[in-house]
Amino acid sequence: MSVSANVGDERPAERRPHVDSDLPRAADPVAPGAPSTVTPATARSAAFFDLDKTVIAKSSALAFGKPFYQGGLITRRAMLRSAYAQLMFQRAGADEAQMARIRDSVTAMITGWNVSQVRQIVAETLHELIEPTIYAEAAALIGEHRAAGRDVVIVSTSGEEVVAPIGALLGVDRVVATRMAVVDGHYTGEIEYYAAGPAKAAAIRELAVSEGYDLADCYAYSDSISDVPMLQTVGHPFAVNPDRGLRKAALEHDWPVLVFRRPVTLPTRFVRPSTPILATAAVGFGVGAAALAGMVWYGRHRAKLAPRVSAGV
């Protein structure tokens, strides 16, 4: 775990989330046009957000395919094939068995990658590639939760090199992400912590103990069936742009369903934080599981590391 200073107190401009009215739901759905889905905090609490397709409109890792290729980390063929496969992967979603296969494939793919190089690539391209993909509705919810007195936490299967910078842009308090072992500045291929499925729920419960959160007053947002354990952990779960499995689960559990449609360029909504976020369980790998899964589906393609080794970010 790496811990750094708190972010500043920036707040996003507000835009209300649209509620999916096409899905059949049982008692007490959130109606379209409702003024807010956020209530004032009655106890110390937090709002937990998945990242891909929940806060941003695409895979955080896929966005870096071209820079990784330019940096010599993957081949051009792998970059193109991963882009197509990622589209298929996102449409299909992922169950627990698929996530396990992805995890194993990721470790093989990134073994030997230079951590400093990955960090520098992300730092140099983050604003151009990620800022325009952030949902206005998610940004508004983050602002509403902060105004209501809650902490905001990003919980993502991707790694700290991607998740923490995005969290800093959003002004969140913490991130939870996958952690892999690093020796002599390179990934060893060993996973120390995998932030997926039930592990996300466990991380939320641990934070509740350490930070004094009342889980009954906490919120959680995700698009994926694999995050049902995370959603079940809090008193206010929401499905956002749900895959087919989560749509079904939301109906069964009477969970509200939100549809986010408006990605916007972030600088028009936020003042960028000047200090880094608190990172929780997140000294991870810089390429998310979903994008790497696409590469693996079409065979493993590894290129030699670029001869230039950058300084740490």
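Ordering THR42, THR54, THR157 from the fewest to the most neighbouring beta carbons within 10 Å gives THR42, THR54, THR157. Taking 0.36 nm per residue of separation and subtracting the current Cα-Cα distance, fully stretching the chain between GLU252 and VAL209 would add 12.6 nm.
Once the chain from SER116 to THR42 is taken as fully extended at 0.36 nm per residue, the excess over their C-alpha distance is 22.4 nm.
Each reported figure results from applying straightforward, stated rules to the coordinates on display, with no laboratory input. Just so it is clear, the model here is predicted, and its values are computed rather than measured. Glycine also receives a Cβ, built like all others from the backbone with ideal geometry; neighbour counts cover every protein chain displayed.
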